[in-house]
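Below: the structure, in structure tokens.
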Amino acid sequence: MAERAPHHAEYDDIAAEYAASKQLPFRIVVEAPTLFDLAGDVRGLAILDLPSGEGTYSRAFARRGAGSVLGIDLSSAMVEQARAIERQERLGLSYQVGDAADLGTIGAFDLVVACYLFNYARTADELLAFARSVRANLKPGGRLIGMNDNPRNAMERYGSFATYGFSRDTELPRREGSRIRYTFPKPDGTSFGFDNFWLAPETYARVFAEAGLKDFRFVDCQAKLPEGQDPALWQDFLHDCPITGLAASR
Ligand SMILES: C[S@@+](CC[C@H](N)C(=O)[O-])C[C@H]1O[C@@H](n2cnc3c(N)ncnc32)[C@H](O)[C@@H]1O
């Protein structure tokens, strides 16, 4: 496994490339509709977007009528991109650099959106630190929703999701902390990528309960097809899906 500091801001190096990958069809057809369905009506809600990356979902929830959105990300490059977009296209969003493992209480939010946070935890203890940060910033009755690398994925199709624009290679044998490497080829023939880490679904359930969050569950992805597109195109993706929705509440 590549060495890295506990919370190295890997995305400082790949911020621009990551923003481009947000245009991949699976993000628009599967990821976003699954997340928006989990969120339901967000009008008037105080939302914490953790991690916010370059702010794609912070902006999306602001456009859907959120009362306020605060985005936090470990990578100052990602936060700078998000702020630059906010300067051009003001939606009233705030962004701060911060570590989700060590956030403390920074507010009382109705909804925490955690898109691809928990899959950075390499151990149950790291996951617990993330889950505690979520709980510390939710109002009683507040909700957590998010997207994640899918730890329930049985790897029936190991590795390549080439049709969908990436590959996902899991260190075997898969055990707590196994590295999952995502690689995204670029039009110029080079590629970029990042690492997630596998923890068992049961570890997620146990840790979220320990952090004081109720009803933690993974939620299967759905596809919202563009007009006229053949659903068969997405069958392969949704079957043994590489990503999952998740939800819990305080
Ligand atoms: C795959 S991106 C997702 C960004 C955004 N949620 C989205 O879906 O577009 C993952 C982000 O997590 C951030 N990140 C990783 N570890 C973090 C931590 N400990 N605290 C805060 N952000 C973290 C990275 O800097 C990166 O921007």
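The values are calculated or read from the model by the stated rules, or taken from the named source; none is laboratory data. Predicted model only: the values in this text are computed from it and were never measured. Virtual Cβ from ideal backbone geometry, glycine too; neighbours counted across all protein chains shown. Ligands, DNA and RNA are stripped out before the accessible areas are found, and what is left, the full protein with its side chains, is counted by its heavy atoms. Shrake-Rupley method; radii C 1.70, N 1.55, O 1.52, S 1.80 Å.
So the values come out like this:
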| read-out | value |
| --- | --- |
| Ranked order, GLU10, GLU156 - accessible area, probe 1.4 Å, largest first | GLU156, GLU10 |
| Rounded accessible area of ARG217 (nearest 10 Å², 1.4 Å probe) | 120 |
| Accessible-area composition of segment 1-159, carbon plus sulfur, in percent [1.4 Å probe] | 51 |
| Per-bin percent of Cα-Cα distances, segment 50-153 [5 Å] | 2, 13, 23, 25, 20, 11, 4, 1, 0 |
| Relative packing of 52-61, 104-113, which averages over residues the other C-beta atoms within 10 Å, highest first | 52-61, 104-113 |
| Gyration tensor verdict on segment 16-78 (Cα atoms; rounded if a/c is under 1.5, prolate if a/b is larger than b/c, oblate otherwise) | oblate |
| For segment 41-180: relative contact order, % (alpha-carbon pairs under 8 angstrom, 6 or more apart) | 21 |
| Hydrodynamic radius of the chain per Kirkwood, over alpha carbon pairs, in Å | 18.4 |
| Anisotropy class of segment 160-250 from Cα gyration tensor, a/c 1.5 cut | oblate |
| Accessible area in the full protein assembly, largest first, 1.4 Å probe, for ASP102, ASP230 | ASP102, ASP230 |
| Where only C-alpha atoms are counted, convex hull volume of segment 86-231 per residue in Å³ | 184 |
| Accessible area of LYS224 in the full protein assembly, 1.4 Å probe (Å², nearest 10) | 150 |
| For segment 143-211: accessible area per residue (Å², 1.4 Å) | 44 |
| For segment 195-247, fraction of C-alpha pairs farther apart than 12 Å, in % | 72 |
| Long pairs among LYS22/LYS186; LYS22/LYS139; LYS22/LYS214, criterion Cα-Cα beyond 24 Å | LYS22/LYS139; LYS22/LYS214 |
